Amino acid sequence: MDLRIIHHNHNVANLETSIAFYEKALGLHEKRRKTAQDGSYIIVYMGAREDNFEIELTWLRDHPDHYDLGECEFHLAFGTDPEEFDAVHRLHQEMGCICFENPKMGIYFIEDPDGYWLEIVPHK
């Protein structure tokens with residue numbers, strides 16, 4: 001069997017705010033987008049240039065402005081070169097998006113505009 005993870009979906013309340021966050025915080029860019037003919041949804045696929053994995057940002061016109069993420073006991077993890085970890089951490093501090101840190105483990109989490117947690121870890 002040859003199955004691969006290709007994308008992960010995050011439903012978002014404000015598509016442009018989310019795109020800007022993922023560009024600045026994680027260096028992702030828009031790879032492609034799908035828009036419903038009736039305007040009921042827009043899906044934007046964000047990814048890194050050298051990676052095939054994508055985050056699918058889905059905006060639904062008729063959904064309320066806030067998504068209930070429950071206890072948010074799920075996350076995606078992003079790795080960075082250990083030499084760049086401190087600079088990435090400073091960027092996230094400046095953005096005010098760090099929501100949890102575990103210095104003992106050498107990791108921290110950032111929160112996107114819709115409340116999704118994203119783990120930042122140095123590559124080992």
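The values are calculated or read from the model by the stated rules, or taken from the named source; none is laboratory data. Please read all numbers here as calculations on a predicted model, not as lab measurements. Heads up, the Cβs are rebuilt from the backbone with ideal geometry, glycines too, and the neighbour counts pull from every protein chain shown. We work out accessible area using only protein heavy atoms, side chains counted, and drop any ligands, DNA or RNA first. Shrake-Rupley method; radii C 1.70, N 1.55, O 1.52, S 1.80 Å.
Can you tell me which residue in the stretch 12-31 is nearest to Phe78 (Cα to Cα), limited to those that are open to solvent by 20 Å² or more (accessible area, probe 1.4 Å) and outside any helix (DSSP H, G or I)?
For the stretch 12-31, the residue satisfying everything is Gly27.
Leu91: within 19 Å of Ile6 (Cβ to Cβ), within 17 Å of the chain's Cα centre (by Cα) and in contact (Cβ under 8 Å) with a residue 24 or more places away in the chain, yes or no?
no
Based on this model, can you work out whether Thr58 counts as without any contact (Cβ under 8 Å) to a residue 60 or more places away in the chain and either over 23 Å from His123 (Cα atoms) or open to solvent by less than 60 Å² (accessible area, probe 1.4 Å) (or both)?
Judged against the criteria, Thr58 is a match.
Lys34 - would you say it is open to solvent by 30 Å² or more (accessible area, probe 1.4 Å), at pLDDT 95 or above and under 12 Å from the mean Cα position of the chain (by Cα)?
It is false that Lys34 is open to solvent by 30 Å² or more (accessible area, probe 1.4 Å), at pLDDT 95 or above and under 12 Å from the mean Cα position of the chain (by Cα).
Output the residues belonging to the stretch 37-51 that are under 18 Å from Leu118 (Cα atoms) and either at pLDDT below 90 or not hydrophobic (A, V, I, L, M, F, W, C) (or both).
Hits for the stretch 37-51 are Tyr45, Gly47, Ala48, Asp51.
Say we look at the stretch 102-123 and pick out the residues that are open to solvent by 90 Å² or more (accessible area, probe 1.4 Å) and free of Cβ contacts under 8 Å to residues at least 24 places away in the same chain; which of these is farthest from Ile19 (Cα to Cα)?
Filtering first and then ranking leaves Lys104.
Scan the stretch 1-11 for residues that are open to solvent by less than 90 Å² (accessible area, probe 1.4 Å) and farther than 17 Å from Phe78 by Cα and report the count.
Of the residues in the stretch 1-11, 1 are open to solvent by less than 90 Å² (accessible area, probe 1.4 Å) and farther than 17 Å from Phe78 by Cα.
Within the stretch 78-90, which residues are outside any helix (DSSP H, G or I) and farther than 13 Å from Ala25 by Cα?
Of everything in the stretch 78-90, just one residue is outside any helix (DSSP H, G or I) and farther than 13 Å from Ala25 by Cα, namely Asp81.
Quickly run through the stretch 37-50 and pick out the residues that are open to solvent by less than 70 Å² (accessible area, probe 1.4 Å) and either in contact with a helix residue (DSSP H, G or I) (Cβ under 7 Å, 6 or more places away or on another chain) or not in a strand (DSSP E or B) (or both).
Gly39, Ser40, Ile42, Val44, Met46, Ala48
Could you check the stretch 91-117 and list, in sequence order, the residues that are assigned to a loop (DSSP other than H, G, I, E, B), under 26 Å from Leu15 (Cβ atoms) and charged (D, E, K, R)?
Result: Asp112, Asp114.
Could you list, in sequence order, the residues of the stretch 1-31 that are among the aliphatic types (A, V, I, L, M) and either modelled with pLDDT of 95 or more or under 26 Å from Glu94 (Cα atoms) (or both)?
Val12, Ala13, Leu15, Ile19, Ala20, Ala25, Leu26, Leu28, listed by residue number.
If the Cβ limit is 9 Å and pairs must be 6+ apart or interchain, which residue in the stretch 1-20 that is polar (S, T, N, Q) pairs with which residue that is modelled with pLDDT under 85?
Note: pairs meeting the criteria are Asn11/His63; Asn11/Tyr67; Asn14/Asp65.
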